[in-house]
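**Q** I have a structure here, written as structure tokens, and I will follow up with some questions on it.
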Amino acid sequence: MIIDVHSHVKNDHEITVSLRKARRHGIILCINVLNAFDNYPPTLPTPEFISACNDLTFNVASGNTDCVIPMWYLNPYHPQEMQAELLRRVKAWDGHQGVKLWTGIKANDPRTDGILRLCAEHKLPVLQHTYMAVTGNMPGETNPFDMRETGLRHPDVPFFFGHSGSDMEYGAKAAQGVPNLFMDIGGGDATNGYTETLVEHAGAGRVVYGSDLNAPRSFMSQLAKVYGAAISDEEKDLILWRNAYGIFSRQNVAWSQFDRHREGAAD
């Protein structure tokens, strides 16, 4: 079993292909749908746009409970509406679930606090795009030290530190001493030493597999970062599924994608 904490789909074709590949390779996808009204998200998607995307995510997850975990898409630029949206989704879904925050504002902006308190209450992991662009970040884009501040402010929320901040050494060092920050390897090329650097600075128990699928990325290029790394098999297992499994297993759910996945594998 592999758990991919960072996957996006935008249309029916991507959904079909992603699910086929996931089942072939034994991958559980933590998915959010980024497309609604036949349109990729604008810079500041409206609550209506967000809700429509989550309707699509719900449909994908409902029809593929063996290999999909929904990651509810929220734009914290609209804090009150997003808290209501999150509560509605949590109440309607009885399986494992999480949250993906849009880059409308930085993760450490006080407007995220209400959303993140709800995530702590419901034991929801949060995937946060985190980047440090050479040419400068976008206005609402979270950088590694914004992510560090967020993790310290909300110690009861497990965060998937998206892309490990784009510079894995800088990102992992920013996450030191913040045990609820889990370094997501998704995105970028399968560079030698990528995963080893994260393990060295953060520890294998705080690294998770993500593909950033369809951004455009492939499972194989991102899995190569783990399978080709000079680390132990036990450390690879932690990264590929055990760390994410431990996070999602904190949720009190009526049924488990992990159990269904294993039952399907046994068949």
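Bear in mind that the values in this text are calculations on the coordinates, not laboratory data. None of the values given here were measured: they were computed from a predicted structure. In this analysis, Cβ positions are derived from the backbone assuming ideal geometry, glycine residues included, and neighbour counts consider all displayed protein chains.
**Q** Round to a whole angstrom and tell me the spacing of the C-alpha centers of the range 71-92 and the range 171-220.
**A** What the calculation gives is 26 Å, centre to centre.
**Q** So which lysines pass the test for Lys236, namely a Cα distance under 27 Å, with those fewer than 8 places away in the same chain ruled out?
**A** Lys21, Lys100, Lys123, Lys173, Lys225
**Q** Tell me, what HN-Hα J-couplings in whole Hz come from the Karplus equation 6.51 cos²θ - 1.76 cosθ + 1.60 at θ = phi - 60° for each residue of the range 232-243, using x for Gly and Pro?
**A** Once θ is set to phi - 60°, the couplings for the range 232-243 become 6, 4, 5, 5, 5, 4, 4, 6, 6, 7, 5, 5 Hz.
**Q** Then there's this: So, counting K/R as plus one and D/E as minus one, what does the shell of residues with Cβ under 14 Å around Thr16 add up to? Intermediate values should be presented prior to the final figure.
**A** On the way: positive: Lys10, Arg20, Lys21, Arg23, Arg24; negative: Asp12, Glu14.
My count for the surroundings of Thr16 gives +3.
**Q** Follow-up. Applying a 10 Å radius around every beta-carbon, put 175-186, 65-76 in order of their mean neighbour count, most first. Write down the numbers at each step before the final one.
**A** On the way: 175-186: 22.3, 65-76: 24.2.
Peptide ranking by packing, descending: 65-76, 175-186.
**Q** Where both residues lie in the range 2-266, what percent of DSSP beta bridges are antiparallel, nearest 5? The partial results should precede the final answer.
**A** Working: 1 of 28 bridges.
Rounded to the nearest five, the antiparallel share is 5 percent.
**Q** Please give the length that would be gained between Met220 and Gln83 if that part of the chain were fully extended, namely 0.36 nm times their separation in residues minus their C-alpha to C-alpha distance (nm, one decimal). Before the final figure, lay out the partial values.
**A** Numbers: separation 137, 0.36 × 137 = 49.32 nm, distance 3.58 nm.
Result for the pair: 45.7 nm of gain on full extension.
**Q** Can you compute the radius of gyration and Dmax for the chain, using only the Cα atoms, both in Å?
**A** My reading of the Cα-based Rg and Dmax gives 16.8, 50 Å.
**Q** I want to make sure I understand the PRE zone here: with the label point 7 angstrom from the Cα of Asp259 toward its beta carbon, which residues in the range 83-107 have backbone N atoms less than 16 Å away?
**A** Flagged as within label range: 94-97.
**Q** Residue separation times 0.36 nm, minus the C-alpha to C-alpha distance between Glu196 and Asp66: what's the value? Before the final figure, lay out each step's value.
**A** On the way: separation 130, 0.36 × 130 = 46.80 nm, distance 3.12 nm.
Gain on extension, Glu196 to Asp66, equals 43.7 nm.
**Q** How long is the gain from Asp113 to Arg153 if the chain were fully straight, where each residue apart is worth 0.36 nm and the alpha carbon distance is subtracted?
**A** Working: separation 40, 0.36 × 40 = 14.40 nm, distance 0.88 nm.
Gain on extension, Asp113 to Arg153, equals 13.5 nm.
**Q** Sort 232-242, 198-208 by the packing proxy (mean of other Cβ within 10 Å over each peptide's residues), most packed first.
**A** Details: 232-242: 17.6, 198-208: 21.9.
Peptide ranking by packing, descending: 198-208, 232-242.
**Q** Once amide H atoms are placed 1.01 Å from N in the peptide plane, what residues at a sequence separation of 5 or more from Asp167, or on another chain, have their amide H within under 5 Å of its amide H?
**A** When sequence neighbours closer than 5 places are left aside, the close amide H contacts are Met132.
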